[in-house]
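First the structure, in the form of structure tokens, and then the observations on it.
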Protein chains: 2
Amino acid sequence: MTKSSSYPITPRSRVKRFHERGDHERAAVHAVLDASMLAHVAYVMDGQPYCTPTTHWRVGDWLYWHGSSASRMLKQQKAGVPVCVTVTLLDGLVLARSGFNHSVQYRSAMCFGTARIIDGAAEKDAALRAVVDRFFPDRTAALRPILPQEAKATMVVGMQIEEASAKIGAEGVCDEDDDYALPIWAGVIPLTTVLGAAEPCPRLLPGVERPEGLAAYREGRRLDEVLLDMQREFEGKAG
Amino acid sequence: MTKSSSYPITPRSRVKRFHERGDHERAAVHAVLDASMLAHVAYVMDGQPYCTPTTHWRVGDWLYWHGSSASRMLKQQKAGVPVCVTVTLLDGLVLARSGFNHSVQYRSAMCFGTARIIDGAAEKDAALRAVVDRFFPDRTAALRPILPQEAKATMVVGMQIEEASAKIGAEGVCDEDDDYALPIWAGVIPLTTVLGAAEPCPRLLPGVERPEGLAAYREGRRLDEVLLDMQREFEGKAG
């Protein structure tokens, strides 16, 4: 079956507000997911919603993250639990001439699926490598191998993205026609998340240099750009 | 009744994993909420969890945000709906000598409560002013006043924080004892979200300067620090 370039649009994933900004294209959704390493996972336990932050990574149409507060629930429900995983980047503050037109610039992706514990040995091993190598190319090959008890102590959760939508708010100041005549300052304050200078572990052995695979993590670079680059590199190596 | 310095600890809000990092103190929770302007709201509709990003602001023990996808549900359920509002800041990447000990530095606050539409005229007016003035001191006084149809078109959602917990992960590299002897690079890569240079609206009237109230939003400053400063100023003026 040929994969559609778009995730299905259903009542659940249809973008309700500002729908001209909504985009169900896989490429648009992935571009948001891959630019961040922070996701929020919503799930329901006994009717109560929970929203848990986690580090996520994507392999094709699958999202993965480390075991969360949902662990207990997931252990009981082997068939999986419905979740909504959302990734958002804040790109700027928009100050308009009226309170009403103040807004923010952002990128957001909302993904729906069924979260399951990844406990097959091969699949789990691949996931535990991917969570390192997706961010830091070739790093697992240079690390001390994962011990069986470490793999056992780590819970990996995964879900196939069944439905998803991306929303991008990139507009600048957009005031009411009459308001442009007002002597009020308006403008955009951009926001970026950047890398600081690496702080080597104080117990580093003498002569140990930062590996080539971390070259992209240079001081001052934007995290979103580094993460997008690293994802492309990761996918290139996965073939 | 004297307000406790701590939010109640219940099965819902108890920090389950790494509980030594958990903190139910109001000050700890507020310090995370106030350092960010991006929250994720989890709610349940027909058994399906949703996770919606939004800009939030705090006034005392109340969290507010703009109408979200939950709007339709909130309109139907005047008594309110249970939500979990989570705010997370990513502060650094921790690269260890084993995959198992890789981690991130972060601050997170998870708040539980019942979201309601804020539709009382006075309360709504105060909220619509607060969402601007909490971020940009004294700005509403300089703006064109909110029109009745604008107030009507804006949905403000609010909830009293009933239970909450904060989690801080600020540790550096923490490897297994034996692993420190390995010739592997380990360290922390700090992450900060910073302000760029303001981009004035191209239609700004001649001679309109950036107002004093925006002085804190200087290029290069950390957003979390600016937001914490602005919250203190906002609370100072509220008395």
If you place +1 on the Cβ of every Lys and Arg, -1 on the Cβ of every Asp and Glu, and leave all else neutral, what size is the dipole of the range B:152-239 about its Cα centre, to the nearest 20 Debye? 980 debye
In whole angstrom, how long is each semi-axis of the equivalent ellipsoid of the range B:110-239, when you take the square root of 5 times every eigenvalue of its Cα gyration tensor and sort them from largest down? 39, 25, 13
What is the Å³ per residue value for the convex hull set by the Cα atoms of the range A:29-154? 134 Å³
Descending semi-axes in Å of the range B:19-238, equivalent ellipsoid built from Cα gyration tensor: 35, 25, 15
Just the Cα atoms of the range B:69-127: what Rg and Dmax do they give in Å? 18.9, 58
For the range B:123-190, what is the largest minus smallest coordinate of the Cα atoms on each principal axis, given in angstrom and ordered from greatest to least? 68, 30, 19
Starting from a label point 7 Å past Cα on the Cβ side, list the distances from A:Ala151 to the same position in the other copies, nm, shortest first. 6.3
Among A:Lys75/B:Lys75; B:Lys124/B:Lys237; A:Lys167/B:Lys237, the pairs whose Cα-Cα distance exceeds 29 Å are A:Lys75/B:Lys75; A:Lys167/B:Lys237
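Using the Cα centre of chain A as the reference point, and only Cβ charges (+1 on K/R, -1 on D/E), how large is the resulting charge dipole? Debye, rounded to the nearest 20.
Details: 28 positive and 30 negative charges, 211 e Å.
My answer is approximately 1020 debye.
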For the range B:37-113, which trypsin sites (Lys or Arg not before Pro) pass both filters: DSSP loop (anything but H, G, I, E, B) and at most 11 other C-beta atoms within 10 Å? B:Lys78
List the residues whose amide H sits under 5 Å from the amide H of A:Val156, counting only those 5 or more places along or on another chain, with H placed 1.01 Å from N in the peptide plane. A:Gly67, A:Ile118
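For the protein assembly as shown, how big is the tail of P(r) above 40 Å, as a whole percent of Cα pairs?
20 percent
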Given charges of +1 on the Cβ of Lys and Arg and -1 on the Cβ of Asp and Glu, with all other atoms neutral, how large is the dipole of the protein assembly as shown about its Cα centre, in debye to the nearest 20? 1180 debye
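No value in this document is a laboratory result; all are computed from the given coordinates. All values reported here derive from a predicted model rather than from experimental measurement. Counting neighbours? That spans all protein chains shown, and the Cβs are built from the backbone with ideal geometry, glycine included.
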